[in-house]
Structures are given as structure tokens and as C-alpha cells.
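K.L.:
Pasting a structure here, questions to come.
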Amino acid sequence: MSPCVLWPGRLNEKGYGDTYRNGQTIGAHRLAYITAFGEVPSGHHVHHVCGNRACVNVEHLVLLTASEHVALHNSERFRKHNYCRRGHSLEDAYYFRNTGKRKCRVCERARARTYYSHGETTS
């Protein structure tokens, strides 16, 4: 499979790229699909084969019926997300034993750099 193409714009709270079309918010992956293949038929969803919500690579997008999409996401394969909301791989994520949650190593390092750079003082 070709590499993911990450949406460079705004990501919503669930990690999907957002943009505007005809004055309305639309998922960036949906717009990429529409641009490449035409309108999405009623009752269908655009699914990321790669599992990366921020990806807009049209080679990674397929049409599924709503029921197929729900069934797929309820399957064991999709119970754990493989990417953070910014599109970084969670293969090397930090694990927290007390909560069992994964945190993105790249995002955590960036957060720490920002936090500590604001706390620096010069004498």
C-alpha cells in the first residue's frame, strides 16, 4: 500500500481532517474521494482502509454501505486505533499501566518541548 497522505489543515476532535465545501463543513477524506471519483451515493460512507483518520490518500479510501462500515468498525481489528488524532503511528506509543491508554510519542515530545520552553527563565 502507498504511504498515507496526511491532511495539513484542521483536525476535528476525533482526528479527521475538516474543510469547507459550499459553505458547509465536510470531512477532508470525503472531499478527496469526491474530487477523485465523484459524489458519494446516499447511504454510503467513505472508509479509510489504512485506519488513519487524517489520511486523504484516495488509494486508501473505499465506499462502504453504512451497515458494512458499522460492522467493520465493530470488528476486533478496529477496536484499537493505530494512529493518534494528528496522524502519527501509535506503534511506538507510550503505554500507561494505570489507565491502559496509549499516548503518541511524537505528540507528547512536542507537548513537553512547548511546556518546558515556556517555563525557561533567563538570569
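The values are calculated or read from the model by the stated rules, or taken from the named source; none is laboratory data. Computed from a predicted model, the values in this text were never measured in an experiment. Backbone-built Cβ (ideal geometry, glycine too); neighbour counts: all protein chains shown.
K.L.:
For the stretch 4-30, name all the residues that are in contact with a Gly (Cβ under 8 Å, 6 or more places away or on another chain), in contact (Cβ under 8 Å) with a residue 12 or more places away in the chain and not aromatic (Phe, Trp, Tyr).
P.N.:
CYS4, LEU6, GLY9, LEU11, GLY15, GLY17, THR19, GLY27, ALA28, HIS29
K.L.:
Name the pairs whose Cβ atoms lie under 8 Å apart, with the first residue in the stretch 31-59 and within 15 Å of LEU72 (Cα to Cα) and in contact (Cβ under 8 Å) with a residue 12 or more places away in the chain, the second among the β-branched types (Val, Ile, Thr) and in a strand (DSSP E or B), and 6 or more positions between them or separate chains?
P.N.:
Final answer for the pair search is HIS44/THR65; HIS45/THR65; VAL46/VAL62; HIS47/VAL62; VAL49/VAL62.
K.L.:
Checking ARG77 against (1) in a loop (DSSP other than H, G, I, E, B); (2) at pLDDT below 75: exactly one of these is not met. Which one?
P.N.:
Going through the list (1) in a loop (DSSP other than H, G, I, E, B); (2) at pLDDT below 75, ARG77 breaks only (1).
K.L.:
Here is a further query. Need the failing condition index for GLU13 against (1) outside any loop (DSSP other than H, G, I, E, B); (2) charged (D, E, K, R); (3) closer than 24 Å to GLU91 by Cβ, just the number.
P.N.:
(1)
K.L.:
State all residues of the stretch 9-32 that are over 15 Å from LEU61 (Cβ atoms) and aliphatic (A, V, I, L, M); if no residue qualifies, say none.
P.N.:
Listed by number, the list holds a single entry, LEU11.
K.L.:
Where residues in the stretch 7-55 are over 19 Å from CYS84 (Cα atoms) and among the basic types (Lys, Arg), which of them is modelled with the lowest pLDDT?
P.N.:
Here the residue is ARG21.
K.L.:
Any idea which of (1) out of contact with any strand residue (DSSP E or B) (no Cβ under 6 Å at 6 or more places or on another chain); (2) at pLDDT 95 or above; (3) not hydrophobic (A, V, I, L, M, F, W, C) is the one ARG86 doesn't satisfy?
P.N.:
Going through the list (1) out of contact with any strand residue (DSSP E or B) (no Cβ under 6 Å at 6 or more places or on another chain); (2) at pLDDT 95 or above; (3) not hydrophobic (A, V, I, L, M, F, W, C), ARG86 breaks only (2).
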